[in-house]
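J.: One structure is given below, represented as structure tokens, and several questions about it will come after.
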Amino acid sequence: MALKRELGLVSTILYGVGIILGAGIYALIGVGAGLAGNMLWLAFLVSAIIAIFTGLSYAELSSLFPKAAAEYHYTKKAFGFETFSFAIGWILVVGTVIAASTVSLGFAGYFVNMFGGDKVIVAAGLIFLMSALNYVGIRESAKFNNFASIIEASGLILVVVVWFLFPPEVPGDLLQLPETGIAGIMGAIGVIFFAYIGFENIANLAEEVKDSRRNIPLALIISLVISTVLYILVSMAAVSEVGSQALSESDAPLTMVVTRGLGEYASILSVIALFATGNTVLIFLIAASRILYGMSKGKSLPAFLSKTDSHGTPMYAILAAAIAASVIAFSGDIKTIAQLTDLGVFIAYAAVNAALIALAGRKLKRPFTSPRLFGIPVLAWFGIASSLFMLITFELNLWLLEIAIILVGFIFFTLSKK
């Protein structure tokens, strides 16, 4: 049974906004502030530029090949080398599962701050709750996402409004470098880029979006622009209001930012953060299950992962993603697993940009075309360069973990061929 086309343009944009906003600003703004200091906003801006380079490549490729497991199909069409395509798809599906774990721990931080409990147990419980919603169907998941995306965007707008209405007597110097200088900002980008990942997962909804050749590219671009504007304003507001040091030490950083302006009502930000991070976990789990589904249909993963039932959802792929995400959440180390996600994503981004370059000279009907200079997709080259540059900033232990992940993937790849 095929996936059902249930989503229009507005729902797809809200899907993108929901996954981008909830992924990092609520869960990782404190970690980023500890690295970039008062220039946290610059780390968000540079991350946005890197994301836009690759986002335009995704926009063009998604209009050419509207398929689930997008990166797997793009590289397969471009290079015709299934082993390489599998590696890219596998890296991204694992990264997406890890991302769900990371954000679930962000959710748990806000939840425990409000109600108490064990952070890891709360994170695992959320993962299985959102997996159940994923199983019920994409239409039902989209309804929750639309509502939660509006709520989480409203929370960020509230932070900015409080900043304007209750400016600090001595605002932070937004041009002050951290003690570690440029290296601190680069380190922050390595973590904060997590706040942008997810835009690429819009492409993995291609088989569930109406008029996907038009709507997927539009949703990619619009959701990135909306998210970037909000991120930069919120990061400036947060640093100005409470300072980077206080942000880095808080389990509920955005709640702390609005406390001076809202007083006892500041806890509303923690409630909004629960919606934001919970919704993002749902979207990551949807994306991971669809990548598994698409790779299974392409015969690079065991066939049972592409089985769907009367709900029109890939039930075994959903279960696999849920189990893996909950196991990873038990590490409890939000910084390391966020960085591991980013490492895998940058590898995939480099491959996607390379795929667009390889396909640029072929005669294909292109409903959307990324910017060209003398026929050359220049931003795709910038996308490769920026991805490779970011890859050299990751520590050796993260690379060793990534290599181990790839090797485990090839065990499943081999089994699917028997």
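J.: With springs only between Cα atoms under 10 Å apart, run a GNM on the chain and tell me which of G116, G155, G137 wobbles the most.
T.: Judging by the Gaussian network model, the answer is G116.
J.: Is the shape of region 266-360 best called rounded, prolate or oblate, per the rule: a/c under 1.5 gives rounded, else a/b larger than b/c gives prolate, else oblate, with a ≥ b ≥ c the square roots of the Cα gyration tensor eigenvalues? Display every interim value, and only then the final one.
T.: Details: a/c = 1.91, a/b = 1.26, b/c = 1.52.
Oblate, because a/c is 1.5 or more while a/b does not exceed b/c.
J.: Using a Gaussian network model of the chain with C-alpha springs under 10 Å, which one of V46, V352, V239 is most mobile by mean-square fluctuation?
T.: Between V46, V352, V239, it is V46 that shows the largest mean-square fluctuation.
J.: So what is the relative contact order for the chain, in percent, with contacts set as C-alpha pairs under 8 Å and at least six apart?
T.: Details: 795 pairs, mean separation 148.7, N = 418.
Over the chain, the number comes to 36 percent.
J.: Further question: Based on the Cβ-Cβ distance from A183 to I49, what FRET efficiency comes out when R0 is 25 Å, to the nearest 0.05? Before the final figure, lay out the partial values.
T.: Working: r = 19 Å, r/R0 = 0.76.
Once the sixth-power term is evaluated, E becomes 0.85.
J.: Looking only at GluC sites (Glu not before Pro) in DSSP loops with at most 15 other Cβ atoms within 10 Å, what is the longest site-free stretch of the chain? Could you put the intermediate results ahead of the total?
T.: On the way: sites that count: E169, E179, E249, E395.
That would be 1-168.
J.: Give me the count of lysine pairs in region 9-416 whose alpha carbons sit under 14 angstrom apart, restricted to pairs 8 or more positions apart or on different chains.
T.: For region 9-416, qualifying lysine pairs total 9.
J.: Shifting gears a bit: Using a 7 Å offset from the Cα along the Cα-to-Cβ direction at both L400 and F81, what is the distance between the two label points in nm, to one decimal?
T.: For the pair L400/F81, the computed spacing is 2.7 nm.
J.: First measure r as the distance between the Cβ atoms of E249 and F410, then evaluate 1/(1 + (r/R0)^6) with R0 = 56 Å and state the FRET efficiency to the nearest 0.05. Before the final figure, lay out each step's value.
T.: Working: r = 42 Å, r/R0 = 0.75.
It comes out at approximately 0.85.
J.: Using Cβ counts within 10 Å as a stand-in for footprinting exposure, how do S248, S104, S149 rank, fewest first? Kindly include the intermediate steps, with their values, before the conclusion.
T.: Values: S248 18, S104 32, S149 28.
Ordered by Cβ neighbours within 10 Å, fewest first: S248, S149, S104.
J.: Around I291, what is the net charge, scoring Lys/Arg as +1 and Asp/Glu as -1 over all other residues with Cβ under 14 Å from its Cβ? Before the final figure, lay out the partial values.
T.: Details: positive: K67, K76, R290, K297; negative: E71, E200, E207, E208.
Net of charged neighbours comes to 0.
J.: Given a Förster distance of 25 Å, report the FRET efficiency between K143 and R214 from their Cβ-Cβ distance, rounded to the nearest 0.05. Working shown, then result.
T.: On the way: r = 23 Å, r/R0 = 0.91.
Given R0 = 25 Å and the Cβ-Cβ separation, E is 0.65.
J.: Output needed for region 132-208: three equivalent-ellipsoid semi-axes, defined as square roots of 5 times the C-alpha gyration tensor eigenvalues, in descending order, whole Å.
T.: 35, 21, 8
J.: Just need the relative contact order of region 291-418 here, percent rounded to a whole number, with Cα pairs under 8 Å and 6+ apart.
T.: Working: 96 pairs, mean separation 37.5, N = 128.
After rounding, I find 29 percent.
Each reported figure results from applying straightforward, stated rules to the coordinates on display, with no laboratory input. This is a predicted model, so every value here is computed, not measured. In this analysis, Cβ positions are derived from the backbone assuming ideal geometry, glycine residues included, and neighbour counts consider all displayed protein chains.
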